[in-house]
Amino acid sequence: MKAWDGVAYDALPLPHEQWGKRTIEALSLLPTELLLDAGCGTGRDAQLALEQLSEGSLICVDQSSTMLDQCRSRFGQDSRVQILEGDLDKALPVEPESVDAIMSVAALHWLSDHNNVWRHFFAALKPGGRIATDCGGFGNLAKTLALVPQIDPNITFPNWYYANVGDTEKLLAEAGFIDIKVSLRPHPTPLPNKETLATYLRTLVFREWNDEQINQMSDLLTDNTLDYVRLEVRARKA
Ligand SMILES: C[S@@+](CC[C@H](N)C(=O)[O-])C[C@H]1O[C@@H](n2cnc3c(N)ncnc32)[C@H](O)[C@@H]1O
């Protein structure tokens, strides 16, 4: 799969910023806590969260070296921050029961097995630790993806997993979480013009496509709007 372009990503007007703010708020972080951002990308949300961790610390985890390069240049030598390459399909690269809170924004729909994800998050959390996550949920980009065959019936795109509320609640409970709250929140996102829409599609959604395919999709999206639906999870380890 084509590598993420961290610089182009950070230059876009991203709805992810709103998703990140909601996610961080839900954690009610204390200044001394250790927070892990799972699928941190370029670290934009992590940087916002770090403002609340004056005496705490932050671990950023992602599998993309290009996103992590951008993340490293964002944080420089801040001694509160550790940046680690890791696959969220596997155990988190931290000691068991070492983390106060885990956040994740726009990453978990890249993983087909959420059973693994929630169990690994549970294992990394201290007793009383919390999670707040955002990702594409059931129905995400349904209108956009339904347009794809008009471009080419054989064209491919990643096999994202857009989980629903019931399955997610069940997996969280089976992993051991309590105080579980899961919801789907539609967030239709208009982009300001065709050029930005095309850059957005090329950088984020259809990274494997050529320019002609991107331009066709951008034309088909007549209202310049991406029909996002977010799966929001809040839960706690007893
Ligand atoms: C759309 S970006 C979101 C980045 C950041 N959280 C934000 O909101 O801007 C998705 C991120 O998930 C990461 N990701 C996808 N699958 C992953 C996996 N299996 N393990 C670790 N990171 C993963 C990608 O590398 C990418 O940085």
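The values are calculated or read from the model by the stated rules, or taken from the named source; none is laboratory data. Everything numeric here is computed off the predicted structure, so don't read it as measured data. Cβ atoms come from the backbone with ideal geometry, glycine included; neighbour counts cover every protein chain shown.
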Original post:
Is there a residue in segment 24-39 that is under 22 Å from THR189 (Cβ atoms), within 13 Å of the ligand (Cβ to nearest atom) and in a helix (DSSP H, G or I)?
Top reply: yes
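Can you tell me which residue among ALA124, ALA132, ALA198 is over 30 Å from ARG236 (Cα atoms) and among the small types (Gly, Ala, Ser)?
Within the list ALA124, ALA132, ALA198, the selection yields ALA198.
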Original post:
What residue, of GLN77, GLN52, is modelled with pLDDT under 95 and either assigned to a loop (DSSP other than H, G, I, E, B) or within 11 Å of the ligand (Cβ to nearest atom) (or both)?
Top reply: GLN77
Original post:
Restricting attention to segment 147-163, and to residues there that are outside any helix (DSSP H, G or I) and of a type in the set (A, V, I, L, M), which single residue is farthest from VAL229 (Cα to Cα)?
Top reply: ILE155
**OP:** Among what's in segment 55-74 and is aliphatic (A, V, I, L, M) and more than 10 Å from the ligand (Cβ to nearest atom), pick the residue that is farthest from LEU34 (Cα to Cα).
**Re:** ILE59
**OP:** Any chance you could count how many residues in segment 93-129 are near the ligand (Cβ under 10 Å from one of its atoms) and aliphatic (A, V, I, L, M)?
**Re:** 7
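Can you find, within segment 101-137, the residue that is surrounded by the fewest Cβ atoms within 10 Å (Cβ to Cβ) among those that are closer than 18 Å to ALA49 by Cα and among the hydroxyl-bearing types (Ser, Thr, Tyr)? Even if it seems obvious, please write down each step before you answer.
Initially, segment 101-137 is screened for residues closer than 18 Å to ALA49 by Cα, giving 101-107, 125, 129-135.
Those left that are additionally among the hydroxyl-bearing types (Ser, Thr, Tyr): 104, 133.
Values: SER104: 24, THR133: 28.
My answer is SER104.
Kindly indicate whether any position in segment 88-96 is over 25 Å from LEU231 (Cβ atoms), surrounded by fewer than 18 Cβ atoms within 10 Å (Cβ to Cβ) and not β-branched (Val, Ile, Thr). Can you show your working first?
Taking segment 88-96 and keeping what is over 25 Å from LEU231 (Cβ atoms), we get 95-96.
Pick out the ones that are also surrounded by fewer than 18 Cβ atoms within 10 Å (Cβ to Cβ) and you get 95-96.
Right, trim to not β-branched (Val, Ile, Thr) and you get 95-96.
Checking segment 88-96: at least one residue is over 25 Å from LEU231 (Cβ atoms), surrounded by fewer than 18 Cβ atoms within 10 Å (Cβ to Cβ) and not β-branched (Val, Ile, Thr).
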Original post:
among the β-branched types (Val, Ile, Thr), surrounded by 14 or more Cβ atoms within 10 Å (Cβ to Cβ), farther than 21 Å from TRP160 by Cα and at pLDDT 95 or above, is that true of VAL61?
Top reply: no
